[in-house]
Each structure stands twice: as structure tokens, then as C-alpha cells.
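Visitor: If you scroll down you'll find the structure; I have some questions about it.
The values are calculated or read from the model by the stated rules, or taken from the named source; none is laboratory data. Values in this document were obtained by computation on a predicted structure and should not be read as measured data. Ideal geometry is used to build each Cβ from the backbone, glycine not excepted, and the neighbour counts take in all protein chains shown.
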Amino acid sequence: MNLFLDAAQQQQSPIFLIVLIVIMFAFIYFFQWRPNKKRQAEYKKLLESLEVGSEVLLNGGLLGTITKLRPEDDLVLVEIAKGVIITTKRGFIVQVLPNGTIDSIVNENKPSKKAKTEENNSEAK
């Protein structure tokens with residue numbers, strides 16, 4: 001019982017508490033606020049660099065090519081397939097891809113002509 005009373009009677013110096021609070025704020029600043037501001041600045045720069053013909057990745061995982069920018073209402077028209085154009089907000093663009101990325105993905109998934117002829121020959125037998 002005396003141990004608890006002795007611990008309660010001892011007071012820590014107010015300087016220790018101030019130093020602890022300063023350390024907490026420094027930790028939050030360096031590990032949360034500053035990196036988040038850097039990410040926001042990079043993302044803002046990415047959105048400002050958009051132009052017609054850029055290949056982009058949208059928030060939902062769709063890949064497409066920008067066909068028109070409408071800066072007055074912050075909208076972008078994106079062609080996700082031949083003849084299929086969607087309208088989306090600029091904020092839904094996650095990444096700008098290097099030109100030719102979509103074509104390489106589409107061509108990679110198509111079977112080659114040689115594979116088609118071999119398949120047709122095996123079916124004919």
C-alpha cells in the first residue's frame with residue numbers, strides 16, 4: 001500500500017511532459033504529414049500533366065487512352081475499347097502509363113496466327 005502512495009506523491013517534472021509532447025509532434029510530422037504532402041504534390045503534378053493521347057490507369061483498374069480533356073468541369077473522356085468512351089473525373093486517374101502499354105497488353109493476350117492454324121488443323125483431323 002505504501003508503494004502506491006509513494007508513487008502517487010512523486011510528480012514528474014513538467015519539462016519531461018513538454019519534451020514528450022514535442023517528440024510526439026515531431027514523429028507525426030516526419031512520418032505522416034510530410035510524406036503525405038509530397039504524395040499530394042506528385043499527384044497534383046500528374047493530373048496537371050495529362051494530355052490527349054496519354055494512356056492511363058483508372059481507379060477501378062480500367063486502362064484507357066485520353067480522348068478529350070474538359071478542364072472547366074474537371075472531366076476526362078477516356079477510350080477503354082474501340083468505340084467505347086467513358087467520362088470520368090480527373091481524380092479517378094491513378095497512373096499515367098508509357099505510350100504503347102495498352103497495345104502491348106492487348107497483343108500479348110491474342111493468340112498468334114501460327115497457334116490458330118495449328119488449332120484448326122487439329123480440329124479437322
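Matching residues to (1) within 22 Å of R39 (Cα to Cα); (2) among the hydrophobic types (A, V, I, L, M, F, W, C):
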{"residue": "G60", "(1), (2)": "yes, no"}
{"residue": "R70", "(1), (2)": "no, no"}
{"residue": "E79", "(1), (2)": "no, no"}
{"residue": "I85", "(1), (2)": "no, yes"}
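Visitor: Within the bounds of the stretch 71-78, is there any residue that is in the same structural domain as P98 (by the TED database) and under 19 Å from S104 (Cα atoms)?
Guide: Yes, the stretch 71-78 contains a residue that is in the same structural domain as P98 (by the TED database) and under 19 Å from S104 (Cα atoms).
Visitor: Working only within the stretch 30-55, note down all residues that are touching a strand residue (DSSP E or B) at 6+ places or on another chain (Cβ under 8 Å) and not hydrophobic (A, V, I, L, M, F, W, C).
Guide: S49, E51, G53, S54, E55
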